[in-house]
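Every number in this text was worked out from the coordinates using simple rules, so none of it is lab data. Computed from a predicted structure; not experimentally measured. Note that we place each Cβ from the backbone using ideal geometry, even for glycine, and neighbour counts take in every protein chain shown.
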Amino acid sequence: MKFMLAAVNAKYIHSNLGVYSLKAYGQKKVPGLEAEIGEYTINQQTDQILQDIYLRKPDFLGFSCYIWNISCILELGRDLSRLLPHTGIWLGGPEVSCRARELMEQEPWISGIMAGEGEETFAQLSAALKDVVSPESIDGIVWRQGDRILQNRPRAPISMDDLPFCYQETEGFENRIIYYESSRGCPFSCSYCLSSIDKAVRFRSLDKVRQELDFFLEKRVPQVKFIDRTFNCRKSHSMAIWTHILEHDNGVTNFHFEISADLLDDEELELLGKMRPGLVQLEIGVQSTNPLTLREIRRKTDLVRLKAAVDRINGFHNVHQHLDLIAGLPYEDYDSFCRSFDQVYEMKPEQLQLGFLKVLSGSPMEAAAKKYGLVWRSSPPYEVLRTDWISYGDLIRLKGVEDMVEVYYNSRQFTETVEELAKEFSGPFEFFRSLAEYYEKNGLAGISHSRLARYEILYRFILEKGLDAGKYGDLLITDLYLRENAKSRPFFAPDLRACREELRPFYRDREERQHIHIEVLRDGRILAFDYGKRDPLTKNAALETVGRLELGTGQKV
């Protein structure tokens, strides 16, 4: 019997740990199990995925379901059930576990759903199907028996140490993120998150974790992303792992962790301060700085400690920090979100993720929807449309701000300009809001602009606001060349053709001149951008002021 586990990822660079873990565990438990994996993306033509699965002709097809791929999977399943009528099509994953019976009533082609943790369930199910045995004794499944839908008892969690390491080789992962988990569950009870259902945290033994991390380090994989919900909830566990990757750093591999920054103590912070720049990146869910909101969503956060930890890590200049906010939470109106944004912005993260509440099936937030006046999209990803505190119109405005933050802040291509420009407004949020309004007013929103065009648009915005064109023109030019030696120049860049001879000595004075760009700003400063000496954290070129030259006179100063 041929088993196939299929994943439809959000991007090619992603991989799906779930299907690899199910396959590895199934083959460990069921001798002779023939299982293969098919990984696709939501950006592929559905017909391409359909053709590939059809040509493989599995007897059992299992889909890994999330909010970003469920629509695609349901479409595929409807067609495959008619093309391969003898194939059993099963679903699993967080998007179907909490509404299994409802989904099976709507979609009669679904043979069954593996609800909850899937490794042991898949192993037992595959063994039963191979031997043509009824699955009635298998925990954790909702299945179809003729016209009846039967729901077996829930699956008890298994020991993390029972899970085999599912990356026996790295072939096929050369340009992709590898996902890894050293724990399951979360000790916190945030009402918008499905992890709040499973409060018992289970850890993989440190001996196993160290051995598996050594495999990644030996293979020099680009990035390992830990999917632990709160990686640092047990200090001894996180310290041991961070110490190991520090002591065995290969100079290449980056490790990503989702943490609660307010749990970090001096010992943990000191350890993080020793990391090679780029070795570690941290994702920190702030979500809101409104105390009423944090209390209502049952998120225990000490904002003073969080800010102190983020500030201290910033001072190390070696760790990329990614801070998250969620719009649409209870008691957070438009003005309150503006304050949350400004307070998180002032923490100066490398990335500020402005997200929108997803009302997930089975979450406490869904159960309290009537209390909050929550209205959300009926289709995935079930994003909030309005609450008793924020209107859909306000959320539309926040969408515009989100776009501007992605382009002008998170891209890290405008750092010098935006840092100064935000000071011209009542706060950072007001700057991004005003810029979003400029985009909308001038028909620029929703268009895929080139990088150079983004600089020119921002310059025109600066002119419209009556700000110092010379100052911000220089900052924009600095930002442009910090990232790369751009061949095209924006319309506001100074014309350097008249002073080429005067600039030539600055190139001759430097070895490997192909790595150098010399630029003259409007204020007369001569800047040297050295792309052979990039900042290991920001990847910006090394920058040095090497002289002065009065533009238009050709006279060096």
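How fast does the stretch 168-255 diffuse by Stokes-Einstein, in µm²/s, taking the Kirkwood radius from C-alpha pairs at 10 °C and 1.306 mPa s?
Working: Rh = 14.0 Å.
Rounded, D is 113 µm²/s.
Need the full-extension length gain, Lys441 to Leu206, defined as separation in residues times 0.36 nm minus the C-alpha distance. One decimal, nm. Could the numbers behind the result be given before it?
Numbers: separation 235, 0.36 × 235 = 84.60 nm, distance 5.57 nm.
So the extension gain works out to 79.0 nm.
Please state, as a whole number in µm²/s, the translational diffusion coefficient that the Stokes-Einstein equation yields for the chain at 25 °C and 0.890 mPa s, with Rh defined as the Kirkwood radius across alpha carbon pairs. Could you put the intermediate results ahead of the total?
Working: Rh = 26.5 Å.
Answer from the Stokes-Einstein relation: 93 µm²/s.
Can you tell me which lysines have their Cα less than 19 Å from the Cα of Lys423? Leave out same-chain residues fewer than eight positions away.
List returned: Lys348, Lys465, Lys471.
Once you charge only the Cβ atoms, +1 for Lys and Arg and -1 for Asp and Glu, what is the size of the charge dipole of the chain about its Cα centre, to the nearest 20 debye?
360 debye
Considering the Cα positions of the stretch 214-340, please state its Rg to one decimal place and its Dmax as a whole number of Å.
15.9, 50
P(r) tail for the stretch 1-85, what percent of Cα pairs lie past 15 Å?
On the way: 2009 of 3570 pairs.
Roughly 56 percent, once rounded to a whole number.
Quick one: net charge of Leu129's neighbours, Cβ under 14 Å, K/R +1, D/E -1? Before the final figure, lay out the partial values.
Numbers: positive: Lys2, Lys29, Lys130, Arg144; negative: Glu34, Asp59, Asp131, Glu136.
Counting the neighbours of Leu129, the net charge comes to 0.
Please report, to two decimal places, log10 I(q)/I(0) for the stretch 221-261 at q = 0.29 Å⁻¹ as given by the Debye formula with identical point scatterers on the Cα atoms and no solvent.
Debye curve over Cα of the stretch 221-261, log10 I(q)/I(0) at q = 0.29 Å⁻¹: -1.09.
Quick one: work out the % antiparallel among DSSP beta bridges in the chain, nearest 5.
Numbers: 26 of 70 bridges.
Of all bridge pairs located within the chain, approximately 35 percent are antiparallel.
Using only alpha carbon positions, build the gyration tensor of the stretch 172-390, then give the equivalent ellipsoid semi-axes as the square roots of 5 times its eigenvalues, largest first, whole angstrom. Please report the intermediate quantities before stating the final value.
Working: eigenvalues 203, 77, 50 Å².
Equivalent-ellipsoid dimensions as semi-axes: 32, 20, 16 Å.
Give the dimensionless ratio obtained when the Cα radius of gyration of the stretch 393-432 is divided by 2.2 N^0.38 Å.
Relative to the rule-of-thumb radius for its length, the stretch 393-432 sits at 1.17.
Taking 4 °C and 1.567 mPa s as the conditions, I'd like the Stokes-Einstein D for the stretch 391-492 in µm²/s, using the Kirkwood hydrodynamic radius from alpha carbon pairs. Please report the intermediate quantities before stating the final value.
On the way: Rh = 14.0 Å.
In µm²/s, the coefficient is 93.
What percent do you get for the relative contact order of the chain when only Cα pairs under 8 Å and 6+ apart count? It would help to have the intermediate numbers written out before the result.
Details: 941 pairs, mean separation 44.0, N = 557.
In percent, rounded to a whole number, it is 8.
In degrees, nearest 10, range 0 to 90: what is the angle between the Cα axis of helix 334-345 and the longest Cα principal axis of the chain?
Once rounded, one gets 70 degrees.
Per DSSP H run of n ≥ 4, the term is -39500 (n - 2.57); total these for the chain, divide by its residue number, and report the mean residue ellipticity at 222 nm rounded to 500 deg cm²/dmol.
Details: 20 runs with 208 residues, N = 557.
Per the formula, -11000 deg cm²/dmol.
Of all beta bridges DSSP finds with both residues in the stretch 248-402, what is the antiparallel percent, to the nearest 5? Please report the intermediate quantities before stating the final value.
Details: 3 of 20 bridges.
DSSP beta bridges in the stretch 248-402 are roughly 15 percent antiparallel.
Once you put a point 7 Å from the Cα of Glu174 and another 7 Å from the Cα of Asp139, both along the Cβ direction, what distance in nm separates them?
That separation, rounded to one decimal, is 4.3 nm.
Spin-label point model (7 Å from Cα, Cβ direction): what's the Glu247 to Val375 distance in nm?
5.8 nm
Give me the dipole magnitude in Debye, nearest 20, for the stretch 2-151 about the Cα centre, with unit charges on the beta carbon: positive for Lys and Arg, negative for Asp and Glu. Could you put the intermediate results ahead of the total?
Numbers: 14 positive and 19 negative charges, 37 e Å.
The dipole magnitude comes to about 180 debye.
May I ask for log10 I(q)/I(0) of the stretch 288-391 at q = 0.11 Å⁻¹, from a Debye sum over the Cα atoms as equal point scatterers with solvent left out?
Summing over Cα pairs of the stretch 288-391 leads to -0.38.
So how strong a dipole does the stretch 401-481 carry about its Cα centre when Lys and Arg Cβ are +1 and Asp and Glu Cβ are -1, to the nearest 20 debye?
Details: 9 positive and 15 negative charges, 30 e Å.
It works out to roughly 140 debye.
When N counts the residues of the stretch 2-151, how does its alpha-carbon radius of gyration compare numerically with 2.2 N^0.38 Å, as a ratio? Present the calculation step by step, with values, prior to reporting the outcome.
Values: Rg = 14.1 Å, N = 150, 2.2 N^0.38 = 14.8 Å.
Against the compact-globule rule of thumb, the ratio is 0.95.
Below 8 Å between Cα atoms, with a sequence gap of 6+, how large is the relative contact order for the stretch 391-492 in percent? Walk me through the numbers on the way to the answer.
Details: 64 pairs, mean separation 31.4, N = 102.
Relative contact order of the stretch 391-492: 31 percent.
Under 5 Å between amide hydrogens, which residues at least 5 positions from Leu91 or on another chain qualify, with H placed 1.01 Å from N in the peptide plane?
Answer set, sorted by chain and number: Phe63, Gly112, Ile113, Met114.
Where the centroid of each part is defined by its Cα atoms, how far is the stretch 165-206 from the stretch 5-24 in Å?
Measuring centre to centre over Cα atoms gives 13 Å.
How far, in degrees from 0 to 90, does helix 303-316 lean away from the longest principal axis of the Cα atoms of the chain, to the nearest 10?
Here the helix axis deviates by roughly 60 degrees.
Using only Cα atoms, find the angle between the long axis of helix 70-83 and the longest principal axis of the chain, and express it within 0 to 90 degrees, rounded to the nearest 10.
In the chain, helix 70-83 runs at an angle near 50 degrees to the longest axis.
In percent, what relative contact order does the stretch 172-390 have, based on Cα pairs under 8 Å that are 6 or more apart in sequence?
Values: 390 pairs, mean separation 40.0, N = 219.
Across the stretch 172-390, relative contact order equals 18 percent.
Straight-line reach only, C-alpha to C-alpha below 19 angstrom: list the aspartates and glutamates that Lys208 could link to, leaving out same-chain residues fewer than 8 apart.
Candidates past the 8-residue exclusion: Glu119, Asp161, Asp162, Glu169, Glu181, Glu218, Asp228, Glu247, Asp249.
Of Lys11/Lys371; Lys274/Lys533; Lys274/Lys539; Lys235/Lys274; Lys399/Lys533, which ones are farther than 27 Å apart at the Cα? Walk me through the numbers before you get to the answer.
Numbers: Lys11/Lys371 36 Å; Lys274/Lys533 21 Å; Lys274/Lys539 19 Å; Lys235/Lys274 17 Å; Lys399/Lys533 37 Å.
Pairs exceeding 27 Å: Lys11/Lys371; Lys399/Lys533.
Figure the gain on full extension for Glu102 and Arg234 (residue separation times 0.36 nm, minus the Cα-Cα span) and round it to one decimal in nm.
Values: separation 132, 0.36 × 132 = 47.52 nm, distance 3.73 nm.
The span from Glu102 to Arg234 would gain 43.8 nm if fully extended.
Out of all DSSP beta bridges in the stretch 158-283, what portion is antiparallel? Express it as a percent rounded to 5.
Working: 2 of 12 bridges.
Approximately 15 percent, going by the DSSP bridge assignments.
Using a cut-off of 24 Å between alpha-carbon atoms, which lysines can reach Lys130, once sequence neighbours fewer than 8 places away in the same chain are excluded?
Lys2, Lys23, Lys28, Lys29, Lys57
Write down Rg/Rh for the stretch 400-557, rounded to two decimals, with Rg from the C-alpha atoms and Rh from the Kirkwood relation over Cα pairs.
Values: Rg = 16.5 Å, Rh = 16.7 Å.
We get a ratio of 0.99 for the stretch 400-557.
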